Amino acid sequence: MLKKSFLGLTNSRIEYELLPVKVPEPEKVAAAQTVTLLHPTNGDQSAAPAFRAGDRVKTGQKLALFADNPAYVISSVTGNIASISPYTGNFGKTYSAITINIDHNEKLDEPFENQTPSLDTAVAHLAFLPGNPAYSILADTEKTINTIVIAGVDDDLLIGTNQYIVSSALNDIKKGIGILKEISGVERIVLVTAGESMQGYGNIGAEVKGLDTGYPAALPRMIMKDVLGEVVPAGSHCEDMGACFMSAEAVASIGKAFVNGQIPVNKILTLVTKDGTQRLIETTIGTPIRDILDKYDVSINEEDRIILGGPMRGSAIYSLDHPVMPDTNGIVILDRKDAAYASDYPCINCGECVRACPAQIQVHMLVRFLEAGQFEEAADNYDLLSCIECGICSFVCVSRIPIFQYIKLAKYELDRAKATEATETEETTEATEAADA
Ligand code: SF4
Ligand code: SF4
């Protein structure tokens, strides 16, 4: 158990937590009776799924629910499907929630062995790995990726998950690096680690670079600037500059899957409870948050806040049945007295957000457009797309305006509008070509 004060956040320079050199092993937390796997859908939940309640599944089995949708999940347990129900996540993203009653007489699915490493194999079988590997970027033929950056530090405060993976699973990371080079053809791999932990990596097939420990140095755009020397222009993404980011846990999971012939289903995460105590935990993907909190007798009172991710960039959840996902690196429980609840106070033009913003955005002006839902104007005139999504503005705002949440929503809506426009253009072009033929 690691005990740290949450009060570090009040320093003018906000520091990432560095784990001690000798990190205790994660504590194992088992799911009590069920796991729930969130299978992405394309919004249309009317198609008949390929599995139904009562079906038996094995640990490591691929569950692809819909014939016209390449998405799938990997069963993290052996048991019977109890239910498949619609689920709506952040920003209205739709999922089918597959709940499985656990049978402790575990049966492993066909081993994932004798597989020739390839990107197609990884996309088809290893998308639901702990750490959530970003194959879609590597597989996108419109992007030219020349560098894979492995994040050995979590991007949010108080979360030590990927630091732990780097300190404990270097051999798996090394194997994963070799496989990533083989399947992607990308030769340059850069492992970024916490500044003080750069020693002892030996030859792992990657450049090892230390990061500054001041928040938000571990955010991808900051790594691009400080480590790779590239500034990502407003409106562009790191992949547009040739860089693909993956977590250390994802790379270690790829190494384990190909070398051990078994798809990993256990997730490492950092639990931060109300008194600031941090614990590293190992649990099965799909474990309800409730089971983890029960193990440590964490009681949740009305208005306490449960955050998935870290305190600066995480998202609040409202049900203890919410499961651990492949990318759940942290769970932070805030007592209601510590939770900065959003208010409906207006901006008082104090300028705190402007002074704190690392992207030098006129946040006090930006927020006015965001509050009015004028997202395009916010992008065109007030640098919305230069925002690196650090959340510092929300943290310092004396009026407790949920600026970061507004920014995330605005970017999501703009991306959605762009995707819809691209689809419509494609359909119009196809229709015109068909009419001309
Ligand atoms: S989240 Fe706020 S502080 Fe951070 S870059 Fe964006 S506008 Fe600036
Ligand atoms: S910190 Fe909040 S109140 Fe102050 S200028 Fe920024 S948005 Fe307005």
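Read-outs throughout are calculated quantities, based only on the coordinates presented, and are distinct from any laboratory measurement. Computed from a predicted model, the values in this text were never measured in an experiment. So basically every Cβ, Gly included, is an ideal-geometry build from the backbone, and we count neighbours across all protein chains shown.
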Legend entry - Alpha carbon centroid spacing (whole Å) that separates the stretch 198-240 from the stretch 37-97: 35
Inset, instruction - Using a Gaussian network model of the chain whose springs link C-alpha atoms within less than 10 Å, name the residue from N69, N80, N260 with the highest mean-square fluctuation. - result: N69
Inset, instruction - Kindly identify the stretch 211-322 as rounded, prolate or oblate by the Cα gyration tensor criterion: order the square roots of the eigenvalues as a ≥ b ≥ c, call it rounded if a/c is under 1.5, otherwise compare a/b with b/c, prolate if a/b is larger, else oblate. - result: oblate
Legend entry - Theoretical ellipticity at 222 nm over the chain - DSSP helices of four or more residues, -39500 (n - 2.57) apiece, nearest 500: -8000 deg cm²/dmol
Inset, instruction - Mean Kyte-Doolittle of at least 0.0 plus a Cα span of 18 Å or more along the axis: flag which DSSP H helices in the chain meet both, please. - result: 170-184
Inset, instruction - Just the number, please: percent antiparallel of the DSSP beta bridges in the chain, rounded to the nearest 5. - result: 65
Inset, instruction - Filter the trypsin sites (Lys or Arg not before Pro) in the stretch 316-383 down to the DSSP loop ones having no more than 10 other Cβ atoms within 10 Å, then list what survives. - result: K337
Inset, instruction - Could you work out the equivalent-ellipsoid semi-axes for the stretch 115-187, taking the square root of 5 times each eigenvalue of the Cα gyration tensor, largest first, in whole Å? - result: 23, 14, 12
Legend entry - Cut-off 11 Å between beta-carbons: net charge of the residues surrounding I159, Lys and Arg +1, Asp and Glu -1: -3
Inset, instruction - Let me have the relative contact order for the stretch 296-437, percent, based on Cα pairs under 8 Å that are six or more residues apart. - result: 21
Legend entry - Residues L320 and D109, FRET efficiency given R0 of 45 Å [Cβ-Cβ distance, rounded to 0.05]: 0.95
Inset, instruction - Report the normalised scattering of the stretch 351-437 as log10 I(q)/I(0) at q = 0.26 Å⁻¹, calculated by the Debye formula with identical scatterers on the alpha carbons. - result: -1.25
Inset, instruction - Please go through the residue pairs K267/K408; K93/K267; K174/K256; K143/K225 and name each one whose alpha carbons sit more than 18 Å apart in this structure. - result: K267/K408; K93/K267; K143/K225
Inset, instruction - Give the relative contact order (percent, whole number) for the stretch 160-266; include only Cα pairs under 8 Å separated by 6+ residues. - result: 34
Legend entry - Three-way shape label, the chain, alpha-carbon gyration tensor, a/c 1.5: rounded
Inset, instruction - Can you list which of the chymotrypsin sites (Phe, Trp or Tyr not before Pro) found in the stretch 28-76 are DSSP loop residues with at most 10 other C-beta atoms within 10 Å? - result: none
Inset, instruction - Among DSSP beta bridges whose residues both lie in the stretch 34-166, state the antiparallel percentage, nearest 5. - result: 95
